[in-house]
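Q: If you scroll down you'll find the structure; I have some questions about it.
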Amino acid sequence: MRDGTIWAARAEALERRWAEDPRWRGIRRDYTAMDVVRLQGSVRIAYTLAQRGAERLWHLLHTEPYVATFGALTGAQAVQMVRAGLKAIYVSGWQVAADANLAGQTYPDMSLYPANSVPALVRRIQNALLRADQIAWSEGQTDIDWLVPIVADAEAGFGGPVHAFELMKAMIEAGAAGVHFEDQLAAEKKCGHLGGKVLVPTGAFIRILNAARLAADVLDVPTLLIARTDALNATLLTSDIDERDRPFLTGERTPEGYFVVRGGLESAIARALAYAPYADMLWFETSRPDLEEARRFAEAIHRHFPGKLLAYNCSPSFNWRRHMGPEAIARFQRELAAMGYKFQFITLAGWHVVNLSTFELARAYREEGMPAYVRLQEREFALEGEGYTAVRHQREVGTGYFDQVVLAVSRGAAATVAMAGSTEAAQFDEGRAGR
């Protein structure tokens with residue numbers, strides 16, 4: 001069969017899927033099914049973790065009141081999040097910049113790290129969750145679905161459309177279920193809660209979204225694409241070429257040649273409306289937790305795109321108690337969910353947990369010595385009744401699992417298995433005698 005005939009058959013099947021599958025209702029692509037097929041190659045590789053995660057995340061977003069999670073900094077942290085009952089994992093570019101990038105550096109959130117750093121952390125987290133699943137399965141435990149969806153930060157794409165295309169592919173290959181891109185200039189990218197943010201033209205960002213969707217289509221995975229706008233607080237724009245951006249121009253220029261623009265909610269809404277046909281979910285970065293602002297944004301989007309999924313960053317950059325009292329904080333997420341903000345996440349919570357808990361233990365250990373650590377261990381023992389297992393650290397990382405490997409290849413008898421005779425087996429039994 002000639003290549004053209006194969007391409008045509010594939011393209012026809014893909015067009016039919018886009019037209020008939022409810023998953024793609026309302027999604028626009030500025031490319032054709034034939035464009036996708038020409039880029040796929042002859043060998044179709046299955047991306048099981050990404051596929052499973054994307055389908056699971058889509059289901060959760062349409063069946064749960066909302067999906068709440070926070071940023072994981074390590075594989076072990078992600079395992080504890082799932083064991084505690086969270087149904088998704090977030091991977092923050094800020095946290096990768098700060099303490100989990102492949103350059104081995106501590107960076108601010110300015111896209112200074114290598115572009116493959118976030119996919120590397122996604123892969124590390126997936127491997128940790130896979131190991132937890134394998135350990136549980138080998139012990140006959142099937143009560144936890146360990147392979148929860150992972151939503152990952154693609155920053156501003158680290159360049160143009162081809163960079164976004166390759167980055168999206170890397171995210172899917174690593175196992176991400178959802179990926180978000182933001183409409184800042186990659187070369188000037190800043191954390192959403194820093195100054196000096198430079199937006200790209202609306203049309204330029206739509207090309208980034210198209211490139212990311214194309215990558216997912218080429219790999220044949222229904223990855224959720226999240227479009228974030230920083231227009232609420234951004235004051236600069238690279239070009240005045242896009243007529244959709246012109247109502248927000250002030251007429252001023254900066255020494256770098258950027259155009260000065262008025263930020264604000266109307267600008268964020270205008271951009272989100274332009275992005276909505278290309279994205280599965282919309283996110284506008286905010287400067288404070290403001291329900292009225294969130295309501296205005298949601299109503300403006302849903303007026304044109306009913307039911308469009310929305311995301312909200314419950315950011316650690318906010319001083320929460322300065323903005324609202326305990327009762328308002330307690331109901332904040334439920335009220336957001338009622339407006340359509342179905343994915344709610346604390347971007348940097350993992351980093352803050354690591355810093356706070358380590359500082360507290362280090363200070364107490366400096367002052368008291370071993371009693372400080374024993375108090376921590378006692379807290380671990382106390383939480384076992386609620387499902388915590390990491391106090392048994394040898395078991396947690398799979399020592400017993402690999403003992404089963406040794407026994408399997410030794411016909412059930414081996415003197416070198418690790419758990420038998422270990423201090424953990426002797427001292428961390430259910431009764432914990434001698435405590």
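The values are calculated or read from the model by the stated rules, or taken from the named source; none is laboratory data. Model, not experiment: these values are computed from the prediction. As a convention, Cβ positions derive from the backbone with ideal geometry for all residues, glycine included, and neighbour counts pool all protein chains shown. We work out accessible area using only protein heavy atoms, side chains counted, and drop any ligands, DNA or RNA first. Shrake-Rupley method; radii C 1.70, N 1.55, O 1.52, S 1.80 Å.
Q: Within region 86-96, can one find any residue that is farther than 28 Å from VAL200 by Cβ, in a helix (DSSP H, G or I), touching a strand residue (DSSP E or B) at 6+ places or on another chain (Cβ under 9 Å) and open to solvent by 40 Å² or more (accessible area, probe 1.4 Å)?
A: Within region 86-96, not a single residue is farther than 28 Å from VAL200 by Cβ, in a helix (DSSP H, G or I), touching a strand residue (DSSP E or B) at 6+ places or on another chain (Cβ under 9 Å) and open to solvent by 40 Å² or more (accessible area, probe 1.4 Å).
Q: I would also like to ask the following. Test PRO277 against the stated conditions and say whether it is over 23 Å from GLU188 (Cβ atoms), open to solvent by 20 Å² or more (accessible area, probe 1.4 Å) and in contact (Cβ under 8 Å) with a residue 12 or more places away in the chain.
A: When the stated conditions are applied, PRO277 passes them.
Q: Does LYS169 satisfy being modelled with pLDDT under 95, closer than 25 Å to ALA311 by Cα and either touching a helix residue (DSSP H, G or I) at 6+ places or on another chain (Cβ under 7 Å) or of a type in the set (Lys, Arg) (or both)?
A: no
Q: Pick from region 160-193 the residues that are in a loop (DSSP other than H, G, I, E, B) and under 16 Å from ILE206 (Cβ atoms): which of them is least open to solvent (accessible area, probe 1.4 Å)?
A: The residue in question is ASP183.
Q: Related question: With the condition being farther than 30 Å from ARG16 by Cβ, I'd like the strands (runs of 3 or more DSSP E) fully within region 217-276 carrying at least 3 qualifying residues.
A: 249-253, 259-261
Q: List the residue pairs whose Cβ atoms are under 9 Å apart, where the first residue sits in region 99-115 and is free of Cβ contacts under 8 Å to residues at least 12 places away in the same chain, the second is not in a helix (DSSP H, G or I), and the two are 6 or more positions apart or on different chains.
A: Within 9 Å, the pairs are GLN105/LEU112; GLN105/TYR113; TYR107/ASN101; TYR107/TYR113.
Q: Given the condition in contact with a helix residue (DSSP H, G or I) (Cβ under 6 Å, 6 or more places away or on another chain), over 30 Å from ALA11 (Cβ atoms) and outside any strand (DSSP E or B), answer yes or no: does some residue in region 194-211 qualify?
A: Checked region 194-211: no residue is in contact with a helix residue (DSSP H, G or I) (Cβ under 6 Å, 6 or more places away or on another chain), over 30 Å from ALA11 (Cβ atoms) and outside any strand (DSSP E or B).
Q: Kindly list, by first and then second residue, each pair from a residue in region 175-186 that is at positive phi to a residue that is not charged (D, E, K, R), limited to pairs with Cβ atoms under 7 Å and residues at least 6 apart or on different chains.
A: GLY175/LEU49; GLY175/ALA50; GLY175/GLY53; GLY175/VAL122; GLY175/GLN126; GLY175/ILE150
Q: Here's a follow-up. Under the condition of being in a loop (DSSP other than H, G, I, E, B) and open to solvent by less than 30 Å² (accessible area, probe 1.4 Å), which residue from region 105-146 is modelled with the lowest pLDDT?
A: ASP109
Q: Restricting attention to helices (runs of 4 or more DSSP H) lying wholly within region 326-410, give those where 1 or more residues are charged (D, E, K, R), open to solvent by less than 80 Å² (accessible area, probe 1.4 Å) and closer than 23 Å to ALA132 by Cβ.
A: Answer list for region 326-410: 370-383, 393-396, 399-409.
Q: Among the listed residues ALA98, ALA176, identify the single one that is in contact with a Pro (Cβ under 9 Å, 6 or more places away or on another chain), over 18 Å from ARG228 (Cα atoms) and not polar (S, T, N, Q).
A: After applying the criteria, what remains is ALA98.
Q: So for region 284-302 (the condition being in a helix (DSSP H, G or I), more than 27 Å from LEU209 (Cα to Cα) and small (Gly, Ala, Ser)), does at least one residue qualify?
A: The answer is no; no qualifying residue exists.
Q: For GLU256, only one of the following conditions fails: (1) of a type outside the set (Lys, Arg); (2) within 24 Å of ARG44 (Cβ to Cβ); (3) at pLDDT below 95. What is its number?
A: (2)
Q: While we're here: Quick check on region 219-244: of everything there that is in contact with a Ser or Thr (Cβ under 7 Å, 6 or more places away or on another chain) and under 10 Å from LEU199 (Cα atoms), which residue is least open to solvent (accessible area, probe 1.4 Å)?
A: ALA231
Q: Just a yes or no: is a residue in region 36-52 of a type in the set (Ser, Thr, Tyr), loosely packed, with under 13 Cβ neighbours inside 10 Å, at pLDDT 95 or above and part of a helix (DSSP H, G or I)?
A: Yes: region 36-52 contains one or more residues that are of a type in the set (Ser, Thr, Tyr), loosely packed, with under 13 Cβ neighbours inside 10 Å, at pLDDT 95 or above and part of a helix (DSSP H, G or I).
Q: May I pose another question? Could you list, in sequence order, the residues of region 201-245 that are within 13 Å of GLY160 (Cβ to Cβ) and either of a type in the set (Phe, Trp, Tyr) or in contact with a Pro (Cβ under 8 Å, 6 or more places away or on another chain) (or both)?
A: PHE205, ARG207, ILE208, ASN210, ALA211, THR238
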